[in-house]
1. Might you check whether a residue that is at pLDDT 80 or above, within 28 Å of ASP157 (Cβ to Cβ) and either polar (S, T, N, Q) or surrounded by fewer than 18 Cβ atoms within 10 Å (Cβ to Cβ) (or both) occurs anywhere in segment 17-30?
2. Please specify each residue of segment 117-176 satisfying the condition of being at pLDDT 90 or above, in a loop (DSSP other than H, G, I, E, B) and more than 16 Å from the chain's Cα centre (by Cα).
3. Return the residue satisfying two criteria in turn: it lies in segment 66-109 and is charged (D, E, K, R) and modelled with pLDDT under 95, and of such residues it is surrounded by the fewest Cβ atoms within 10 Å (Cβ to Cβ).
4. State yes or no: is LEU60 without any contact (Cβ under 8 Å) to a residue 40 or more places away in the chain, under 22 Å from TRP16 (Cβ atoms) and under 17 Å from the mean Cα position of the chain (by Cα)?
Amino acid sequence: MSADNQQERPNNLSPWYITGFTEGEGTFHVAIYKDLKMKFGLKFIPEFHINQSFLRQETLLEIKKYFGCGYIKSNHRQNIRDDTLVYVVRNRIDLISRIIPFFEKYPLLSDKNSSFVLFKQIVNLLNSKEHSTLAGSKKILNLAYQMNQQGKYRKIDQKLLLDYLESSETIRRNPA
């Protein structure tokens, strides 16, 4: 099979194909946003992503069909030069019932598996409402910053978010 058509596969993808595709094009990510509606001012959103050129949208559609959840969108809408699409699963029930069991059964072989293991811990912590405590929020934040090459691509320094959590707790305990 030539390199030009390696990513083109017939319908009915094999699970190992999806694992291999995720090795190259996927990521497990926990988005962290400041949100004043949240108890400690931070919102944690676990997401499973697979990126691909719009020319191979069919592959993403087949993966979405395989999992039976998630959605496909433009990867970077604000950048008109970026023609990539991204398959996203962020619904926690879908992550727990479909994505996590899939990668437990068909594990990643690269270092990406260590990010998956941390991702799974975070999803389970969120599911058990650990983010409702300061200690739990700190633990989730610390785990998220260990993922994906130790948070190398994160825009906000971990210490700033930890300080924000601390100040949020102080304000919560001592309202003006």
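1. yes
2. Those that are at pLDDT 90 or above, in a loop (DSSP other than H, G, I, E, B) and more than 16 Å from the chain's Cα centre (by Cα): SER128, LYS129.
3. My answer is ARG81.
4. So LEU60 passes the test.
The values are calculated or read from the model by the stated rules, or taken from the named source; none is laboratory data. Small disclaimer: the values here were computed from a predicted structure and weren't measured. Reconstructed Cβ throughout: ideal geometry from the backbone, glycine too, with neighbour counts over all protein chains shown.
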